[in-house]
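One structure is given below, encoded as structure tokens.
Every read-out reported here was derived from the displayed coordinates using simple, explicitly stated rules and does not represent laboratory data. None of these values were measured; they are calculated from a predicted model. Cβ atoms come from the backbone with ideal geometry, glycine included; neighbour counts cover every protein chain shown.
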Amino acid sequence: MKAKGNNLNRRNFISKSALLGAGMVAGPLAFSNEKSSTGKIEGLKAASNPEKRMLGALEVSPIGLGCMSMKSGSYNPPRDKKDMIPVIRGAVDLGVNFFDTAEVYGPFTDEELVGEALAPMRNEVVIASKFGFDLTSGQRGGRNSKPEFIKQAVEGMLKRLRTDRIDLLYLHRLDPNVPVEDVAGTVKNLIKEGKALHFGLSEVSPTTIRKAHAEQPVAAVQSEYSMIQRALENEVIDTCGELGIGFVPWGAVNRGFLGDKFNEYSRFSADSRFASVPYFTPEAIKAHMKVLILVREWARKKDATPAQIALAWVMAQKPYIVPIPGTTKLHHMKENMGTLNIKFTNTELMEFRGALEKIPLVGVRGPETALIDQ
Ligand SMILES: NC(=O)c1ccc[n+]([C@@H]2O[C@H](COP(=O)([O-])OP(=O)(O)OC[C@H]3O[C@@H](n4cnc5c(N)ncnc54)[C@H](OP(=O)(O)O)[C@@H]3O)[C@@H](O)[C@H]2O)c1
């Protein structure tokens, strides 16, 4: 059903050629078939409620809300608290119980907003937040995951989020100076103390996922994944499936592009966040219009909106995928929840994939980057 809608310096190695390679690797065959003879997916716990999805042992709504742009102003000017609280609480009314933030968003102001908005319904929701940057100057500094630093960071997060526990505590970016086992061990202690309930990782390689999971079970890996950014089909998503870890794609609507927010003439000023994104150059946008046209075609077939198709597509790839589209608008949240009514048959998914793979992509990550911590 169409909910009436309107209508880190991490990519040094990206090159157009790597990119064209990504389009080749991301076929259905890139995903292993992890179904056993019983038809179950290995390592995956079943949700007690068929309307929910599992991230490890954590049960969440099948779509969450990414709160990054509300106060940090990543894709828009920072919004007023009085306008954003109704979006967050309205999402709860729509059935969303999974909210994503990080101490670096703002920094700090986004966690404060999420904490205030969700305080009255704290026991009904799952709050995910992330540590990993040195924010002591009040600005985003380098990475810091030293155990004492994490413990201190979590105290601040708990205060800002107005809670005594963080349901899903992610390492935002791996600190090259701290082994991931030490980070996992620190989170393990925080879990013992009840200050965190589940452990997550963001933008890490399959090797790092395995090392961390051996020390403290990982509930979710959160990394960028969409129809346009498919590098993580190279091992990362399958590794999550094998280990019973959920996968939380950020950027599932390609930062708005697959929600039909831009067109081939869109240009960004130097101070815009989009200006530094390699797939928002004029050349990349022009190339990706073909993806958007394909998405619009599927939207017509399914009586859906482009954003709904973008979300339904990622959700259809694996049952343990839970997207967290970011929005500052309640009508977009409502539209995004309308995705739950869209289903693809296997034949449709193959047809969709076949068309997608014929489209050369520009400025996206090459598949080899999935094997490197970002
Ligand atoms: N782990 C990480 O490193 C990392 C990195 C980035 C983000 N994140 C998290 O992931 C969340 C989502 O990622 P993201 O925000 O970067 O990308 P995204 O969800 O792909 O895109 C967000 C953009 O899409 C637009 N949008 C959402 N729904 C729409 C709809 N139905 N129709 C048209 N446009 C729509 C939003 O604009 P409107 O506000 O106008 O709706 C917003 O500008 C973030 O909020 C954040 O919590 C994590």
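Using 0.36 nm per residue and subtracting the Cα-Cα separation, the extra length available between Ala270 and Asn177 on full extension is 30.3 nm.
Can you sort Lys343, Lys146 so the residue with the fewest Cβ neighbours within 10 Å comes first?
On the way: Lys343 10, Lys146 15.
Listed from fewest to most nearby Cβ atoms, that is Lys343, Lys146.
How much of the pair distance distribution for the range 189-327 lies past 17 Å, counting alpha-carbon pairs only, in percent? Tail of P(r) above 17 Å: 64 percent of Cα pairs. Its relative contact order, with pairs defined as Cα atoms under 8 Å and 6+ residues apart, puts the range 16-369 at 23 percent.
For the range 133-260, the spread of Cα positions along the three principal axes, ordered from largest to smallest, is 39, 33, 28 Å.
When Leu371, Leu292 are arranged by Cβ crowding within 10 Å, least crowded first, meaning fewest neighbours, the order is Leu371, Leu292. Estimated from the Cβ-Cβ distance and a Förster radius of 25 angstrom, the FRET efficiency linking Ala47 and Met121 is about 0.75. In the chain, the DSSP beta bridges split such that about 15 percent are antiparallel, to the nearest 5.
Kindly give Rg over Rh for the range 16-369, based on alpha-carbon atoms, with the Kirkwood expression for the hydrodynamic radius. It would help to have the intermediate numbers written out before the result.
Values: Rg = 19.2 Å, Rh = 20.5 Å.
Radius of gyration relative to Kirkwood radius: 0.94.
Mind running the shape call on the range 282-374? Use the C-alpha gyration tensor, a ≥ b ≥ c as the square roots of the eigenvalues: rounded below 1.5 for a/c, prolate if a/b tops b/c, oblate otherwise. The shape class here is rounded. Arranged from fewest to most other beta-carbon atoms within 10 Å of their beta carbon, Ile237, Ile191 become Ile191, Ile237. Full extension of the chain segment joining Lys301 with Met289 gains 2.5 nm, where the gain is 0.36 nm per residue of separation less the Cα-Cα distance.
Indicate the gyration tensor shape class of the range 48-184 (rounded, prolate or oblate), computed on the Cα atoms with a ≥ b ≥ c the square roots of the eigenvalues: a/c under 1.5 is rounded; otherwise a/b larger than b/c is prolate and the rest oblate. Write down the numbers at each step before the final one.
Details: a/c = 1.99, a/b = 1.28, b/c = 1.56.
Oblate is the answer for the range 48-184, as a/c is 1.5 or above yet b/c matches or exceeds a/b.
Given R0 = 35 Å, the distance between the Cβ atoms of Asp93 and Glu155 translates into a calculated FRET efficiency of 0.65.
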